[in-house]
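First comes the structure, then the notes that go with it.
The values are calculated or read from the model by the stated rules, or taken from the named source; none is laboratory data. Quick caveat, the model's predicted, so the values are computed rather than measured. Positions of Cβ are backbone-derived with ideal geometry, glycine not excepted, and every protein chain shown enters the neighbour counts. Accessible surface is based on the protein model in full, side chains and every heavy atom, while ligands, DNA and RNA are left aside. Shrake-Rupley method; radii C 1.70, N 1.55, O 1.52, S 1.80 Å.
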Amino acid sequence: MKLNRNLKNDWKSFLSKDFDNHRFNELIDLLDKEECLVFPNEEDIFNAFNYTSFGNVKVVIIGQDPYHSYEKIDGKILPHAHGLCFSISKEAKRVPPSLKNIFKELKEDLGYEIPTHGDLSYWSTQGVLLLNSTLTVQAHEAGSHQKKGWEIFTDSVIKKISDEKEKIVFILWGKFAQKKEDIIDNKKHFILKAAHPSPFSAYNGFFGCNHFSKTNKLLANNGLKEVNWEIK
């Protein structure tokens with residue numbers, strides 16, 4: 001798999017040094033040598049950045065790694081992952097359990113009906129950076145590209161946002177995401193924490209966290225436009 005690093009917006013300048021880093025190039029070499037299916041598709045790997053420019057970021061949701069599942073539709077492989085954490089391709093028929101729980105919480109918090117698809121890209125266009133810590137994964141092998149170099153890259157992204165912006169709402173669901181709190185300046189930004197939406201933990205504090213309404217209240221109190229969390 002050849003990795004296209006040609007981003008479509010102001011992230012180009014912010015990430016140029018990261019793309020030139022030798023550890024990143026080692027990661028690219030690893031991906032180039034992969035002989036199995038890797039998700040998301042090459043053109044979707046950097047969608048989190050292409051959908052949400054650096055200048056537009058006002059909320060960051062941190063995930064772990066992409067969905068490793070896929071469907072076959074009309075004989076073609078459709079990965080669930082498409083470069084945005086927790087989100088799936090609009091054409092996908094099977095909504096993952098964690099995403100179902102996100103929709104349940106969204107309905108309880110803001111009253112939105114459960115959507116008919118799981119594509120969260122509308123959030124991204126409003127300044128919600130949906131960032132996985134690891135940006136690729138082998139098919140059917142959860143966590144297969146962890147500790148290969150992606151975390152160094154995405155930690156650098158989080159730190160850049162923390163250092164160079166103000167009043168960002170960071171949403172950290174689960175212990176993995178909450179470890180990123182160490183690289184976020186909590187004197188400049190807002191941090192919302194809850195259990196992961198996975199069925200194994202959602203009842204331990206994710207349900208009822210009201211992070212969608214709390215985020216909008218923080219944004220409004222700081223003169224920023226609220227996010228329309230409805231799925232479109």
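If all Cα-Cα distances of the chain are sorted into 10 Å bins from 0 onward, what percent lands in each bin, rounded to whole numbers? Answer for the chain: a P(r) of 8, 34, 38, 18, 2, 0 percent. Straight Cα distances below 20 angstrom link K165 to the aspartates and glutamates D10, D18, D155, E181, D182, D185, E226, with same-chain residues fewer than 8 positions distant left out. Remark: segment 131-146, residue by residue, has Karplus-estimated 3J(HN,Hα) of 10, 7, 5, 10, 9, 9, 7, 6, 4, 6, 10, 4, x, 5, 10, 6 Hz, where x stands for each Gly or Pro and the curve is 6.51 cos²θ - 1.76 cosθ + 1.60 at θ = phi - 60°.
In the structure shown, the pairs K147/K188; K8/K33; K104/K214; K175/K217; K160/K225; K167/K187 are assessed against 20 Å; a Cα-Cα span above that value is assigned to K147/K188; K8/K33; K175/K217; K160/K225. For segment 53-178, relative contact order (Cα pairs under 8 Å, six or more residues apart, normalised by length) works out to 37 percent.
Identify the residues of segment 38-54 with backbone N under 12 Å of a label point that sits 7 angstrom from the Cα of T125 along the Cα-to-Cβ direction, or state none. The answer is 51-52, whose backbone nitrogens lie closer than 12 Å to the label point. Summarising the amide proton neighbourhood of L78: residues at separation of 5 or more, or on other chains, whose placed amide H is nearer than 5 Å comprise E71, K72, I73. For the chain, DSSP calls about 35 percent of its internal beta bridges antiparallel. Alpha-carbon geometry of segment 4-107: the Rg and the Dmax are 15.5, 45 Å, given in that order. The GluC sites (Glu not before Pro) of segment 21-79 meeting both criteria, a DSSP state outside H, G, I, E and B (loop) and at most 16 other C-beta atoms within 10 angstrom of the site's C-beta, are E34, E35.
If contacts are Cα pairs under 8 angstrom and at least 6 residues apart, what is the relative contact order of segment 1-76 in percent? That works out to 42 percent. A Förster radius of 35 Å, combined with the Cβ-Cβ distance separating K232 from K165, puts the computed FRET efficiency at roughly 0.85. In this structure the chain gives 49 Å² per residue of accessible area when probed at 1.4 Å with all protein chains present. When the accessible area of segment 7-139 is split by element with a 1.4 Å probe, what percent falls to carbon and sulfur? Answer for segment 7-139 is 46 percent, counting heavy atoms of protein chains only.
Its relative contact order, with pairs defined as Cα atoms under 8 Å and 6+ residues apart, puts the chain at 22 percent. 3J(HN,Hα) along segment 123-129: 4, 4, 5, 9, x, 9, 7 Hz, from the Karplus curve 6.51 cos²θ - 1.76 cosθ + 1.60 with θ = phi - 60°, whole Hz, x for Gly and Pro. Straight-line cross-link partners of K76 among the lysines, defined as a Cα under 21 Å from its Cα and at least 8 positions apart when in the same chain: K2, K90, K93. If R0 equals 22 Å, the separation of the Cβ atoms of D155 and S53 corresponds to a calculated FRET efficiency of about 0.65. Note on N186 and K147: with the Förster distance fixed at 30 Å, the Cβ-Cβ geometry gives a FRET efficiency of about 0.70. Temperature 10 °C, viscosity 1.306 mPa s: under these conditions the Stokes-Einstein estimate for segment 99-167, based on its Kirkwood radius over C-alpha pairs, is 108 µm² per second.
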